[in-house]
Amino acid sequence: MDAKIGDWVVTPRIGKPVEINALWYCALATMSSIAQKIGKPHDRYEKLAERARIGFQQFWNPSTGYCYDVLNSDGTACHDDTLRPNQIFAVSLPILPLLTEVQQKSIVEACGRSLLTSYGLRSLSPDHPDYCGHYGGDSYQRDSVYHQGTVWGWLLGAFIRSHLRVYQNPEQAYSLLQPMSHHLLAGCLGSLSEIFDGDAPMRSRGCIAQAWTVAEVLQTWIFIENSKR
C-alpha cells in the first residue's frame, strides 16, 4: 500500500505491518525446511520461526475478531482496528498456521463479510469513513483511493486458499473463483484486470491484463484441484 501524493502518504502503515510479519515467518519456516532437506543446520531458522510465530499473536485483536493491520514499532498494539485484506496471508500461506483454527475462521469470516467481492478483496472495509467505492478521476483522485476501498483481483487467490483451509470445501472454493471466468470475456479478452470498483457493478479499472491477477487465479485453481487428491 504505497500510494503517495507529494509528501502525503495515503495509507501510512508505520511500524510492523501484519502481512510483512506473516511473510517473514513463512520465509524462516521455509528456510528451516530447505536446510533439513539438504542436510544443513536448521536449528537457527527453526528457533527464529517459532519466535516469530509466538510474537505474531500480538496482532490478534479479540475485540474485533481479526488482526490489527499494524503494530507500533515497539510491538504494542495500535488503536486502529481498520479492517484491511493484508491479514489474509496469515491464513493462506502454505506453512504451519500462525493462528488458531478459531482465529483463522474468524479472519476468513470478517474478510468475507466486508471485503470479499466477485473479483477480489476490497482494500478497506465499506464501514470505514475513508472508504471510497469508485476508482477514477485524475491521478490525484485515483491515487487517493487506490488502497481505500478499491478491489484488488490478485487477493482473491489468498482469500480462496484461506477459505479452503478453514472449511475444507473444494466445491465452495470453486464457486468463489467462478466469477473470474466470466470476466475473461468482459474486460481484456482472455485476461484479467488489475483492480475493480469496490461498489457495484464493480467495473474493472487499472491495467486491463494484469499478470499477478492471472497468476493468482491459475495458482488457486491448481491448489483447489490438488486439494481433492
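The values are calculated or read from the model by the stated rules, or taken from the named source; none is laboratory data. What you see is a predicted model; the values in this text were computed from it and never measured. Neighbour counts run over all protein chains shown; Cβ positions are idealised from the backbone, glycine included.
For this structure, a couple of remarks:
- Candidate set from region 108-121 (those that are of a type in the set (A, V, I, L, M, F, W, C) and part of a helix (DSSP H, G or I)); member that is surrounded by the most Cβ atoms within 10 Å (Cβ to Cβ): Cys111
- Residues that are in contact with a Gly (Cβ under 8 Å, 6 or more places away or on another chain) and over 23 Å from Met180 (Cα atoms) within region 131-161 comprise Tyr131, Arg142, listed in sequence order.
- Qualifying residue in region 135-153 (condition: within 30 Å of Leu96 (Cα to Cα), at pLDDT 95 or above, of a type outside the set (S, T, N, Q) and in a helix (DSSP H, G or I)): no
- Scanning region 148-157 for residues that are surrounded by 24 or more Cβ atoms within 10 Å (Cβ to Cβ) and either aliphatic (A, V, I, L, M) or out of contact with any strand residue (DSSP E or B) (no Cβ under 7 Å at 6 or more places or on another chain) (or both) turns up Val151, Leu155, Leu156, Gly157.
- Boolean, Ser181 is modelled with pLDDT under 95 and polar (S, T, N, Q): yes
- Test: residue in region 197-211 that is on the phi < 0 side of the Ramachandran plot, in a strand (DSSP E or B) and surrounded by 21 or more Cβ atoms within 10 Å (Cβ to Cβ): yes
- Of all residues in region 5-23, those satisfying the criterion of being surrounded by fewer than 16 Cβ atoms within 10 Å (Cβ to Cβ) and outside any loop (DSSP other than H, G, I, E, B) are Ile5, Trp8, Val9, Ile20, Leu23.
- The set of residues in region 120-160 that are under 25 Å from Leu218 (Cβ atoms) and of a type in the set (S, T, N, Q) comprises Ser123, Thr150.
- Pairs with Cβ under 8 Å, 6+ apart, first in region 161-176 and under 13 Å from Val91 (Cα atoms) and free of Cβ contacts under 8 Å to residues at least 60 places away in the same chain, second in a helix (DSSP H, G or I) and of a type outside the set (A, V, I, L, M): His163/Gly112; His163/Gln172
- Scanning region 90-112 for residues that are closer than 18 Å to Tyr174 by Cα and not hydrophobic (A, V, I, L, M, F, W, C) gives Ser92, Glu109, Gly112.
- Matching option when the condition is modelled with pLDDT of 95 or more, in a loop (DSSP other than H, G, I, E, B) and either on the phi > 0 side of the Ramachandran plot or touching a Gly at 6+ places or on another chain (Cβ under 8 Å) (or both), among Leu83, Leu124: Leu124
Conditions tested, residue by residue: (1) closer than 25 Å to Glu225 by Cβ; (2) among the hydroxyl-bearing types (Ser, Thr, Tyr).
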| position | (1), (2) |
| --- | --- |
| Pro94 | yes, no |
| Ser114 | no, yes |
| Leu124 | no, no |
| Gly137 | no, no |
| Ser144 | no, yes |
| Ser162 | yes, yes |
| Asn169 | yes, no |
| Leu192 | yes, no |
| Ala200 | no, no |
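- Failed condition for Asp2, given (1) acidic (Asp, Glu); (2) crowded, with 17+ Cβ neighbours inside 10 Å; (3) over 21 Å from Gln104 (Cα atoms); (4) under 21 Å from the mean Cα position of the chain (by Cα): (2)
- Leu218 loosely packed, with under 15 Cβ neighbours inside 10 Å, over 24 Å from Asp81 (Cβ atoms), under 18 Å from the mean Cα position of the chain (by Cα) and not small (Gly, Ala, Ser): yes
- Considering (1) over 17 Å from the mean Cα position of the chain (by Cα); (2) within 27 Å of Asp130 (Cα to Cα), the lone condition that Phe59 does not fulfil carries the number (1).
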